[in-house]
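Everything below concerns the one structure shown next.
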Amino acid sequence: MDALLRRFRPEQLRELILLLVIVGMVVFFATQIDQYLAARPVNRITTGLAITAVVAVGQVLVVLTRNIDLSVGSSVGLVAYVVGTLLTRWTEMPPLVAVGLSVGIGVLLGAINGLLVAYGRVPSIIATLGTLALYRVVLVEFSGAKTVTTADLPDWLNDIPSANVASFEGYDLRVMVAVALVAVIIGQLMLRYLSFGRRLYAIGSNPDAARVSGLPARRDVFLAFTLCGALAGLAGFMFLVRFGNITVTAAQGLELQVVAAVVVGGVAIAGGSGSMVGAFMGVLLIEILQQSLLRWAEISEFVKDAILGLLILLAVATDTVVLGRLRERWVRIRRRDQEERLAAAPGEAADVR
Amino acid sequence: MSADIRRRLIGWEGLLLVFLVVVLGFNMATNPRYLEIGNQVNLFTLGIEKSIVILVMAFVIMTGEIDLSVASMMGLAAAVVAALFEQGVPMEIAVLVALAVGLGFGLINGFFVAIVGIPSLAVTLAGYIGFRGLARLLVEDRSVGSFPDWFTALGQDGLLGPITGPMLLYLVMAILAVTIMHFTGFGRSTIVIGNSVSVARFSGVRVARVKIAIFAASGLIAALAGVLIAARLGAVRASTADGFELDIITVVLLGGVSIFGGSGTMIGVLLSSILVLNLRNGLVIAGITGNTQTGIIGLLLILSVLVPNLVGAGRERFRRRAADRAAPPPGTSGEGVSVRPSGG
C-alpha cells in the first residue's frame, strides 16, 4: 500500500481502481453474454456513451467550482428540437452552420445559468433547477406538441451516426465517439495546463480564499457555466443526429445520468477535486453497466435505475471514507520520506526550511 | 422571538401576503365563487400530498441540507402499497410496510449525511434515482388499482363536511410544524445547525442526531404522502409523484427559508404553500397548462432568490454611498485622525 502511495496520488489511485472495476466488469459480462465483445455490440455501446460523455465534460467544469448544472438535459433537448426544426424548414443549411447554431444556443442557455449563479448569486442548484423547468417549457411552447422526424431531416445529417473516422475489423471509431474523445482530451489538458483550469480547482476547494486572493472567481464560474452550455449545445446536435425523431421530452433525465457519471468518476460534488479522465471513466462504467444489464437476460429492464442509485451512493461513500483515509496516509508518508531525506543530507536542511 | 416575527411580517412574509391577495383578487375577478369553501377544499385536495411533504422539507432545508429524494420516496411508498396489495396482503399491513420503508430509507439518508459526512445533495440524488428505480421494479409499467373502498375513501371523501381526512391531518401537522420549529428546543437546534454547524456543536447541540431525525422524518412523511396520493388517485404507476420535488423545494424557498439554512419561518412556508396552490389554480383559470405552470413555478423559484439578492446588493451600495457622503473628507477631521465610513 505504502509503495503504491509513493508512486501515485490518492486521486490517481482512485482512477486506477475505477479502471480495474471497468475491466473486471467487462470480463465478467464477456463470460456471461454470448458475442459480448463482437464488433456490433461494442460499436453500439461506444456510440451510446458519446452524448453523455460530451455533456459530462461540461458538467465537470461546473462541478469543480462547487456548483452544479441540472439544466443540461433540458438544454440538450431544446437545442436538438430547435435545430432539428430549422433543418426541416431550411434543408440547405450548411452542416457547419447547423453545428455552430447548436453550440450558439447552448452558449446562450449556459450564459443565463452563469449570470444567475455568478452575478445574481443564486445558488446553482436553485438556478438550474429553475432553468431545468424553464428551458423545457420554452421547448414545449416552441414545438406546439409537434415532433421532428428523421424523414424530414437532410440526408447528410442522417448519415453521420454511421460515419467512421477509423475502422478495424468491424470495430468502428464513429465520428460521434471521436468528437466525445476529443472533448474529453481537450478538457483534461485545459484543466491541467491552463490557468483557467487550475483556477476552477482553486475556486471549488475554497471559494472565499479564491476570491480574497484576487482570482476572478465570478468570471470563471460564469465561463464554466457558459462552456457547459456550449457542450450541452454540441451534445444537442449529436442527440438530433443520433435519434432523428425529437419529441418535447427529448433528453429528459439526461442531467441525472451525467451528474451520476461525474460523481461516480470521482469528481467531488463539493468541488475542487476530480478530472476529465475520471469523469469519462464514470460515463464508461455507467453506460457499460446499464447496456450490459439490459442484455443480460437474468435482469429486467426495471432494475437499471435502482442499480444506478446504489452505484452513486457506493462511489460517493467510498470516496468520502476510503479516499479520506488514503489522503491522510499519503500526507504522512510524504512527510516521513521528506524527513528521512533531510536526516540523510543535513546540509540541505537549511535550504529547504 | 416575537420581535423577529414582527420584523419578518413586514418583510418577506408581508410580501407573500400581498402577493397572495393579488392572486386571490385576480381569481375572484374571473370567478366570483372562487373563495367558496367547496372550491378551496378542492384546491387543497389536489395539492395535499405536496403540502404535507413541504412541512418536513422546511426542516431539512433549515439545517442547510436538501432532500431530493422525497418525490421518488412518495412513488416508492405508493408502489410498495400497490405491489403488496396485488400479492393479497391486507391493505393495513401494506400501508404499514410502506411507512416502514420510508422510515428506513430516511434513516439511511440521514446516516450517510450525518455520520459518513457525504453532501446531502449526492446522497439524496442517489435516492432520487434509486427509489424511483425500486418503484419501477415493483409495479413495472402497469397501473395498479381497484384498492378497497375504505382506502380510496380515505383520500377522496369528506370527513368533516367537505374536509377530507388528509386535510385534517395536514392542519394538525402544520400546527405541529410551527410549534416544533419556533417554540421547542429541537426547532432551535435545527435553526442553529443551519446557521453554523460548529456553533451548534460547541453549544452542545447533538448535530448528527438532529439531522438523522430530520431525514428519517422526511422519509417517513414522504412515504405517508405517497400512501395518501395512492388513496386519492385510486391507482398507482411507477411514475406516481414524478417531479414533485421541484414544487416542494420551490415552495419552501419561496417561503423565505434560505437554501443555506438557518433563516426563515414556518409561517412563511405555510403562506407560500397557499400562494402556490392558488397561483396554479389561477393559471388554470387563465388557460395555462401543466407544463407551462411548472416553468412559471421554476421562474418564481429563481426570482425568489434573485430579487432579494439584487435588492440587498442595491441597498448595500446605497448605504455605502450615503456613508461616504456623510463622512467628512480625510484631513478635515480635527486631530488628523481619518474617519472611515462604517457602512458594510
**Report entry** Odd one out for B:Leu310 among (1) at pLDDT below 90; (2) in contact with a Ser or Thr (Cβ under 6 Å, 6 or more places away or on another chain); (3) within 14 Å of chain A (Cβ to nearest Cβ)
**Finding:** (2)
Report summary line: The condition from (1) in contact (Cβ under 8 Å) with a residue 24 or more places away in the chain; (2) more than 22 Å from the chain's Cα centre (by Cα); (3) surrounded by fewer than 19 Cβ atoms within 10 Å (Cβ to Cβ) that B:Val95 misses is numbered (3)
**Report entry** Members of the stretch A:210-225 that are out of contact with any Leu (no Cβ under 9 Å at 6 or more places or on another chain) and either open to solvent by less than 40 Å² (accessible area, probe 1.4 Å) or aliphatic (A, V, I, L, M) (or both)
**Finding:** A:Ala210, A:Val212, A:Leu215, A:Ala217
Query raised in the report: A:Val267 passes all but one of (1) under 20 Å from A:Ile45 (Cα atoms); (2) under 13 Å from the mean Cα position of the chain (by Cα); (3) within 14 Å of chain B (Cβ to nearest Cβ); which number fails?
Result: (1)
Query raised in the report: What is the number of the single condition among (1) within 30 Å of B:Ser196 (Cβ to Cβ); (2) surrounded by 24 or more Cβ atoms within 10 Å (Cβ to Cβ); (3) touching a Gly at 6+ places or on another chain (Cβ under 8 Å) that B:Gly75 does not meet?
Result: (1)
Report summary line: Considering residues that are within 14 Å of chain B (Cβ to nearest Cβ) and in a helix (DSSP H, G or I), the number found within the stretch A:139-166 is 5
Report task. Could you tell me which residue of the stretch A:94-129 is surrounded by the fewest Cβ atoms within 10 Å (Cβ to Cβ), considering only residues that are free of Cβ contacts under 8 Å to residues at least 12 places away in the same chain and in a helix (DSSP H, G or I)? Result -> A:Leu96
Query raised in the report: Is one or more of the residues making up the stretch A:242-261 open to solvent by 30 Å² or more (accessible area, probe 1.4 Å), more than 21 Å from B:Thr124 (Cβ to Cβ) and within 12 Å of chain B (Cβ to nearest Cβ)?
Result: yes
Query - All positions within the stretch A:134-157 that are of a type in the set (Lys, Arg) and either closer than 14 Å to A:Leu240 by Cβ or open to solvent by less than 40 Å² (accessible area, probe 1.4 Å) (or both) - result: A:Arg136
Requested in this report: Pairs only if they're at least six apart or on different chains, beta carbon under 6 angstrom, first in the stretch B:297-319 and of a type in the set (Ser, Thr, Tyr), second assigned to a helix (DSSP H, G or I); list them, first residue then second.
Outcome: B:Ser304/B:Leu253; B:Ser304/B:Leu254
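Residue-by-condition table, conditions (1) over 23 Å from B:Ala153 (Cα atoms); (2) within 14 Å of chain A (Cβ to nearest Cβ); (3) not aliphatic (A, V, I, L, M):
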| position | (1), (2), (3) |
| --- | --- |
| B:Ser51 | no, no, yes |
| B:Ile61 | yes, yes, no |
| B:Asp67 | yes, yes, yes |
| B:Phe85 | no, no, yes |
Query - The lone exception for B:Val80 - which of (1) among the β-branched types (Val, Ile, Thr); (2) farther than 17 Å from A:Ile307 by Cβ; (3) surrounded by fewer than 23 Cβ atoms within 10 Å (Cβ to Cβ) it fails - result: (3)
Query raised in the report: Taking helices (runs of 4 or more DSSP H) that do not extend beyond the stretch B:34-90, which have at least 1 residues that are at pLDDT 95 or above?
Result: B:48-62, B:70-86
Requested in this report: Taking the residues in the stretch B:248-272 that are part of a helix (DSSP H, G or I) and open to solvent by 30 Å² or more (accessible area, probe 1.4 Å) as candidates, determine which candidate is modelled with the lowest pLDDT.
Outcome: B:Ile267
Query raised in the report: Going through the stretch A:73-93 one residue at a time, which ones are more than 21 Å from A:Leu129 (Cα to Cα) and part of a helix (DSSP H, G or I)?
Result: A:Val82, A:Val83, A:Gly84, A:Thr85, A:Leu86, A:Leu87, A:Thr88, A:Arg89
Query raised in the report: Are any residues in the stretch A:294-310 more than 8 Å from chain B (Cβ to nearest Cβ), open to solvent by less than 50 Å² (accessible area, probe 1.4 Å) and touching a residue at least 12 places away in the same chain (Cβ under 8 Å), and if so, which ones?
Result: A:Trp296
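For (1) modelled with pLDDT under 90; (2) open to solvent by less than 60 Å² (accessible area, probe 1.4 Å); (3) over 22 Å from B:Leu68 (Cβ atoms), each residue gets a yes or a no:
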{"site": "B:Leu103", "(1), (2), (3)": "no, no, no"}
{"site": "B:Val113", "(1), (2), (3)": "no, yes, no"}
{"site": "B:Asp141", "(1), (2), (3)": "yes, no, yes"}
{"site": "B:Asp157", "(1), (2), (3)": "yes, no, yes"}
{"site": "B:Leu169", "(1), (2), (3)": "no, no, yes"}
{"site": "B:Met173", "(1), (2), (3)": "no, yes, no"}
{"site": "B:Phe183", "(1), (2), (3)": "no, no, yes"}
{"site": "B:Ser196", "(1), (2), (3)": "no, yes, yes"}
Requested in this report: Mind listing whichever residues of the stretch B:273-306 are open to solvent by 40 Å² or more (accessible area, probe 1.4 Å) and away from chain A (no Cβ under 14 Å)?
Outcome: B:Ile274, B:Val284, B:Ile285, B:Ala286
Query raised in the report: Got a sec? Which of A:Phe239, A:Phe280 is open to solvent by 10 Å² or more (accessible area, probe 1.4 Å), under 21 Å from B:Asn291 (Cβ atoms) and either touching a strand residue (DSSP E or B) at 6+ places or on another chain (Cβ under 8 Å) or not in a loop (DSSP other than H, G, I, E, B) (or both)?
Result: A:Phe239
Report task. Return yes or no: is A:Ile186 modelled with pLDDT of 90 or more, open to solvent by 60 Å² or more (accessible area, probe 1.4 Å), among the β-branched types (Val, Ile, Thr) and out of contact with any Phe, Trp or Tyr (no Cβ under 8 Å at 6 or more places or on another chain)? Result -> yes
Query raised in the report: Out of curiosity, is A:Val331 surrounded by 18 or more Cβ atoms within 10 Å (Cβ to Cβ) and either within 14 Å of chain B (Cβ to nearest Cβ) or more than 12 Å from the chain's Cα centre (by Cα) (or both)?
Result: no
Query raised in the report: Looking at B:Phe26, is it buried (at least 18 other Cβ atoms within 10 Å of the Cβ) and more than 14 Å from B:Ile214 (Cα to Cα)?
Result: no
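The values are calculated or read from the model by the stated rules, or taken from the named source; none is laboratory data. Since we're looking at a predicted model, the values are computed, not measured. Neighbour counts are summed over all protein chains in view; Cβ atoms, including those assigned to glycine, are modelled from backbone coordinates with ideal geometry. Calculation scope for accessible area: heavy atoms of the full protein, side chains included, ligands and nucleic acids excluded. Shrake-Rupley method; radii C 1.70, N 1.55, O 1.52, S 1.80 Å.
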